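Have a look at the structure below before the remarks.
Derivation of every value follows stated rules applied to the coordinates shown; laboratory data play no part. Here the structure is a predicted model, which means the values were calculated and not measured. Cβ sites come from the backbone with ideal geometry, for glycine too, and all protein chains shown count toward neighbours.
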Amino acid sequence: MPEFAYVYILSSKGKRLYIGFTNTLELRIWQHKNKVHPDSFTAKYNIDQLVYFERYPLAIAGIAREKELKGWTRQKKIALIVANNPTWRDLSLDWGKPVDPFREPKPEDRRRFGDVTTHTHPADHPKRPSP
């Protein structure tokens with residue numbers, strides 16, 4: 001299984017930010033949320049909401065990006081978060097929750113998305129004349 005590097009931004013409810021780097025994102029976020037290091041900056045200020053992350057195939061690229069982001073102004077960091085996560089939703093909230101199993105499309109799905117049961121593509125259908 002390939003290993004990836006991650007740069008991430010955590011936020012507190014009061015929008016205090018922390019930028020970090022890891023190659024085990026789920027574990028690292030769990031550690032922040034559970035205050036595994038109680039004297040750390042993130043534990044002290046309750047910074048435990050994952051609001052942004054990037055994945056890199058090479059650790060060296062992730063480390064460079066972490067340093068770049070840490071050099072940005074607070075305003076620029078917030079703009080990055082808002083552009084990708086406008087509601088500041090904790091992106092890790094659903095991790096570990098069960099996923100609904102596959103289900104066959106309902107008739108209303110076919111009306112909205114085409115006949116997905118026959119795997120047709122819009123290019124296979126004749127074009128309608130323009131009005």
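Starting from 0.36 nm per residue, how many nanometres of slack lie between residue 41 and residue 4 once their C-alpha separation is accounted for?
Result for the pair: 10.8 nm of gain on full extension.
I'd like the FRET efficiency for residue 63 and residue 95, computed as 1/(1 + (r/R0)^6) with the beta carbon distance as r and R0 of 35 Å, rounded to 0.05.
0.90
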